[in-house]
Amino acid sequence: MKLTYRGQDYEANQVHVDTVETDTTAKYRGQSYKVRDLVH
């Protein structure tokens, strides 16, 4: 993805990280979500 910051062009390097959903549920600003863990 091509981006620009203060007139300088650069390419964003996107990193793919494998995760799995756990049984743990958390809450942030009133919204519940499932916690994810890294796949080793």
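The values are calculated or read from the model by the stated rules, or taken from the named source; none is laboratory data. Given the structure is predicted, the values throughout are model-derived calculations rather than measurements. Using ideal geometry, Cβ is built from the backbone for each residue, glycine included, and neighbour counts are taken over all protein chains shown.
Mind checking whether some residue in the range 23-39 is among the β-branched types (Val, Ile, Thr), part of a strand (DSSP E or B) and surrounded by 10 or more Cβ atoms within 10 Å (Cβ to Cβ)?
Going through the range 23-39, the residues among the β-branched types (Val, Ile, Thr) turn out to be 24-25, 35, 39.
Okay, now just the ones that are also part of a strand (DSSP E or B), so 24-25, 35.
Among the residues that remain, those that are also surrounded by 10 or more Cβ atoms within 10 Å (Cβ to Cβ) are: 24, 35.
Yes, the range 23-39 has at least one match.
Being more than 17 Å from the chain's Cα centre (by Cα) and either outside any strand (DSSP E or B) or among the hydrophobic types (A, V, I, L, M, F, W, C) (or both) is the filter; apply it to the range 1-22 and report the residue that is modelled with the highest pLDDT.
Initial filter on the range 1-22 (more than 17 Å from the chain's Cα centre (by Cα)): 2-11.
Add one more test, that the residue is either outside any strand (DSSP E or B) or among the hydrophobic types (A, V, I, L, M, F, W, C) (or both), and what stays is 3, 6-7.
On the way: Leu3: 90, Arg6: 96, Gly7: 93.
Filtering first and then ranking leaves Arg6.
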